[in-house]
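What follows is calculated from the coordinates using simple rules that are stated; it is not laboratory data. From a predicted model like this one, the values you see are computed outputs, not experimental measurements. Heads up, the Cβs are rebuilt from the backbone with ideal geometry, glycines too, and the neighbour counts pull from every protein chain shown.
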Amino acid sequence: MTEIENPIAVFDSGMGGISVLRALVAHMPQENYLFFGDSLHAPYGVRPPEQVRDLTMQAAERFVEREVKAIVIACNTATSAAITELRERFPQIPIIGLEPALKPAVLAHPGGRILVMATPLTLHEHKFAALLEHYRTAAEIVPLPAPDLVGFVERDELDSPALAEYLSELTAPYRDNPVDGIVLGCTHFPFAQRQIARALGYPVSFYDGGDGAARETQRLLTLAGTRNTGTGYGQVVFTNSEETPERMALCRKLFCFPTLIGTETTIPAV
Ligand code: DGL
């Protein structure tokens, strides 16, 4: 395998990173991808940052042994906790992180009210504080921790009444006091976008970081001269720390998930 054919590694605490993998494949279908989800240790978002950093570092070490040409940390939580250390440790490899997509949301709703749904760890880390400070005067940013939402995606319970009830309670304060946009600051959440829109009961625009991460990966590979510009289709390999048949079937199901743009929601082009 030449370096150009080496895979792009995509990492998440579990299944959420598949929403980013979809964006990567849409932008660069020629590339080979090696996805690793750490479902055994999910959710990361309620763990101490040091633990998340160690788990992410271990995954990155295994990727480097397999000679991947880039690593996408398709997890806002792991990015917040570990991206600086990862880049220091592996300066030779492009490492792309995820962060809540505040920029497109604020650009689309200047002076508006923007809800940022993410894990508690993401909302407590320094990276999010810096984002808040940056956009403080441009819009009203409302952080909303949603610690249990990751579990519903991991357990493939998107159609459960329990999820509808959880989201109904979580979004209650924003039903009569509407928001203009919702930033999905956790890569698991795009899979529950329809359910979130339904719980709110009014049309709202959603923003996630998948597309931005895919564009940044493309830019860094081009810069490094390792972008595969062939015309064929690459291979996507799924691996997981919990490789049960059910888990691997869920990987394929989420990878083929119907389009995330539904009638209840709008995603403006930015
Ligand atoms: N998917 C991860 C993120 O983007 C977090 C999920 C978790 O808490 O494990 O933040």
Worksheet item: Relative to the first principal axis of the alpha-carbon coordinates of the chain, what is the inclination of helix 245-255, with its axis defined by its Cα atoms, in degrees from 0 to 90 and to the nearest 10?
Response: 70 degrees
Worksheet item: Quick one: length gained pulling residue 249 to residue 30 fully straight, 0.36 nm per residue minus the C-alpha distance?
Response: 76.5 nm
Item to complete: Would you mind checking which residues have amide H under 5 Å from residue 206's amide H? H placed 1.01 Å from N; only 5 or more apart, or other chain.
Response: 182, 266
Practice prompt. Label segment 70-137 by shape, choosing from rounded, prolate and oblate, from the square roots a ≥ b ≥ c of the eigenvalues of the Cα gyration tensor; if a/c is under 1.5 it is rounded, and otherwise prolate applies when a/b is larger than b/c, oblate when it is not.
Written response: prolate
Practice prompt. Describe numerically, in nm with one decimal, the distance between label points set 7 Å from Cα along Cα→Cβ at residue 142 and at residue 84.
Written response: 3.1 nm
Worksheet, complete the sentence: Stretched fully, the stretch from residue 92 through residue 257 gains (0.36 nm per residue minus C-alpha distance, one decimal, in nm) 56.0 nm
Worksheet item: With the contact rule set at Cα under 8 Å and sequence spacing of 6 or more, what percent relative contact order holds for segment 1-102?
Response: 33 percent
Fill in: P(r) of segment 31-109 over all Cα-Cα pairs, binned every 5 Å from zero, in whole percent
3, 14, 25, 23, 16, 10, 6, 2, 0
Item to complete: Starting at the first residue of segment 217-234, write each ³J(HN,Hα) from the Karplus equation 6.51 cos²θ - 1.76 cosθ + 1.60 with θ = phi - 60°, in whole Hz, x for Gly and Pro.
Response: 5, 4, 5, 5, 5, 4, 4, 7, x, 10, 6, 8, 9, x, 9, x, 9, x
Fill in: Stokes-Einstein translational diffusion, segment 172-230 - Kirkwood Rh over all Cα pairs, 1.002 mPa s, 20 °C, in µm²/s
156 µm²/s
Worksheet entry | Dipole of segment 121-222, positive end: most advanced residue of 187, 126, 212 [Cβ charges, Cα centre] | 212
Worksheet item: How long are the three semi-axes of the equivalent ellipsoid for segment 1-138, computed from the Cα gyration tensor as the root of 5 times each eigenvalue, in whole Å, largest first?
Response: 27, 18, 13
Discussion item. Can you compute the radius of gyration and Dmax for the chain, using only the Cα atoms, both in Å?
Written reply: 17.8, 57
Item to complete: State the extension gain, in nm to one decimal, for the chain segment bounded by residue 107 and residue 176, taking 0.36 nm per residue of separation less the distance between their alpha-carbons.
Response: 22.4 nm
Worksheet entry | Where labels lie 7 Å past Cα in the beta-carbon direction, separation of residue 160 and residue 4 in nm | 4.7 nm
Worksheet item: Could you give the distance between the Cα centres of segment 193-231 and segment 1-78, to the whole Å?
Response: 15 Å
